[in-house]
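Colleague: Quick one: this structure, given as structure tokens, is what I'll be asking you about.
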Amino acid sequence: MTTAACSSFAGLASVRFLLGVTEATISPGFVAVTGMWWTRQEQAGRSALWVSFLGVGSFVGTMLAYGIGHITGSLSPWKYIFLILGAMTVVWGVVFTIFVPDGPAKVTWLTEREKVVAVQRVAENQTGTGRSRTFVRAQVVEAAKDPAVIILGLISFVNAIASGGLAFGSLIIQGLGFSPLNTTLMNLPLSTVQVVTQLGAGFLSSKIKSSRLHVATVAMIPPIIGTCLINQLHADNKWGRLVGVWLLGSYPVGFMVILGLLSTNIAGSTKRSVASGWVFVCYCVGQIAGPQFFKSTEAPAYHSGIVAMLCGFILNLVLNQILRFIYVLENKKRDRMLEGKSEEEVKEMRREGEVLGFEDVTDKANGDLLAVGRNWEAGVVGAKED
């Protein structure tokens, strides 16, 4: 809300910096909450639901911006936007703080038995129950050496380059010949595509085992086509190029999948926190880098920016499959560890894994995760979701 009071670049930059600091906790917090409440089978759908509200928020925000654009008050229209949406955010933040509990064990609307059941459900993920607040240095080292964690960060970076570039989406649409207010309305289909693709991706991921990274890969195809349409169609073909802009709406699926994998495939409170921090730092760097490719000298075509987005989508697609290959190799390695084991030995390993599921143990340290492997598709808990 204080943005509306800014009258200089220095003031605006300071306020935006503080806004970034406070917003930085949102997605990591949602990842943590998702991991504390739901099993890995359920997390894909839950993540898709809350991530899809980015599109819902964009849709509602677009409608509000269009309506506010017609206000003829004493303030500039953009100031009304920050005042109204800022007030809504403050109110909802208070509601969220009061009513969202810090884990299943602390809720007031469950009986003691129901609390135990809720915690046991999450323990079956064998990624910890989120209760530990102890910093473990060994888990930091493990996270830094884990190639899957590194690639998750790289995927976040290339996805954010496109996201940072899409901040210029309104300028691209306006460059097609639409008025500023009509440009606002032309963003509605883009928001709709975001919601539909994210919910659809979440549904498919929850119904088809080990499909998340394949779904994320397919979701990169429409944006690749879209950037090609924007860049290659003649300038007079504004509707064809506009469809290209709308096709960009499926790219957030890639980031949604990353958030889900952070929750389901990484165990250990410190390791997960470090991995989440790495992913979101990469995301922020990508958000900074993306707009740099949109040069004012290239307006309204922004050729370099569109090409940068195209490269980001392609790299996202490739990195998805590299990450899946790593998970498949890990799962096959764990399959081999079961060879020669008797049924009783396997059951004992699973029992030990269930006990460790309550502790602050990493995915590599949990003996059950190391032993049970790729049987995830057969319904056995423990393998890396891919």
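The values are calculated or read from the model by the stated rules, or taken from the named source; none is laboratory data. The structure presented is a predicted model; accordingly, all values stated were derived computationally and were not measured. Cβ coordinates were reconstructed from backbone atoms using ideal geometry, including for glycine residues, and neighbour counts include every protein chain displayed.
Colleague: Give me the residue from the range 85-106 that is buried (at least 16 other Cβ atoms within 10 Å of the Cβ) and either within 23 Å of the chain's Cα centre (by Cα) or of a type outside the set (G, A, S) (or both) and, out of that set, modelled with the highest pLDDT. Let's see the steps before the verdict.
Modeller: Start the filter on the range 85-106 by keeping residues that are buried (at least 16 other Cβ atoms within 10 Å of the Cβ), which leaves 85, 103-105.
With the extra rule that they be either within 23 Å of the chain's Cα centre (by Cα) or of a type outside the set (G, A, S) (or both), the set shrinks to 85, 103-104.
Details: L85: 85, G103: 75, P104: 78.
Here the residue is L85.
Colleague: Kindly indicate whether V31 is among the β-branched types (V, I, T), buried (at least 17 other Cβ atoms within 10 Å of the Cβ) and either assigned to a helix (DSSP H, G or I) or in contact with a strand residue (DSSP E or B) (Cβ under 6 Å, 6 or more places away or on another chain) (or both). Outline the logic, then answer.
Modeller: Values: among the β-branched types (V, I, T): yes; buried (at least 17 other Cβ atoms within 10 Å of the Cβ): yes; either assigned to a helix (DSSP H, G or I) or in contact with a strand residue (DSSP E or B) (Cβ under 6 Å, 6 or more places away or on another chain) (or both): yes.
Yes; evaluated as a whole, the condition is true for this residue.
Colleague: Test S304 against the stated conditions and say whether it is under 16 Å from the mean Cα position of the chain (by Cα) and part of a helix (DSSP H, G or I). Please lay out each step first, then the result.
Modeller: Details: under 16 Å from the mean Cα position of the chain (by Cα): no; part of a helix (DSSP H, G or I): yes.
No, not satisfied.
Colleague: Now a separate question. Taking the conditions exactly as written (of a type outside the set (V, I, T) and either surrounded by 14 or more Cβ atoms within 10 Å (Cβ to Cβ) or modelled with pLDDT of 85 or more (or both)), does W109 satisfy them or not?
Modeller: Working: of a type outside the set (V, I, T): yes; either surrounded by 14 or more Cβ atoms within 10 Å (Cβ to Cβ) or modelled with pLDDT of 85 or more (or both): no.
So W109 does not fit the description; no.
Colleague: Next question. Here is a list of conditions, (1) closer than 24 Å to V195 by Cα; (2) in contact (Cβ under 8 Å) with a residue 24 or more places away in the chain; (3) of a type in the set (A, V, I, L, M, F, W, C); (4) loosely packed, with under 14 Cβ neighbours inside 10 Å, and L75 meets all of them except one; can you say which number that is?
Modeller: Here L75 meets the rest and fails (1).
Colleague: Let me ask something else about it. Look at V279 and say whether it is part of a helix (DSSP H, G or I), aliphatic (A, V, I, L, M) and over 18 Å from I151 (Cβ atoms). Can you show your working first?
Modeller: Details: part of a helix (DSSP H, G or I): yes; aliphatic (A, V, I, L, M): yes; over 18 Å from I151 (Cβ atoms): no.
Here the answer is no, as V279 does not meet what is asked.
Colleague: Now a separate question. Under 7 Å between Cβ atoms, at least 6 apart or on separate chains: pull out the pairs that start in the range 289-314 with a residue that is of a type in the set (S, T, N, Q) and end on any residue that is in a loop (DSSP other than H, G, I, E, B) and surrounded by 21 or more Cβ atoms within 10 Å (Cβ to Cβ).
Modeller: S304/F293
Colleague: Kindly check whether there is at least one residue in the range 188-200 that is over 23 Å from N316 (Cα atoms) and not basic (K, R). Even if it seems obvious, please write down each step before you answer.
Modeller: Residues of the range 188-200 over 23 Å from N316 (Cα atoms): 188-189.
Keeping just the survivors that are not basic (K, R) gives 188-189.
Looking for residues that are over 23 Å from N316 (Cα atoms) and not basic (K, R), one finds at least one in the range 188-200, hence yes.
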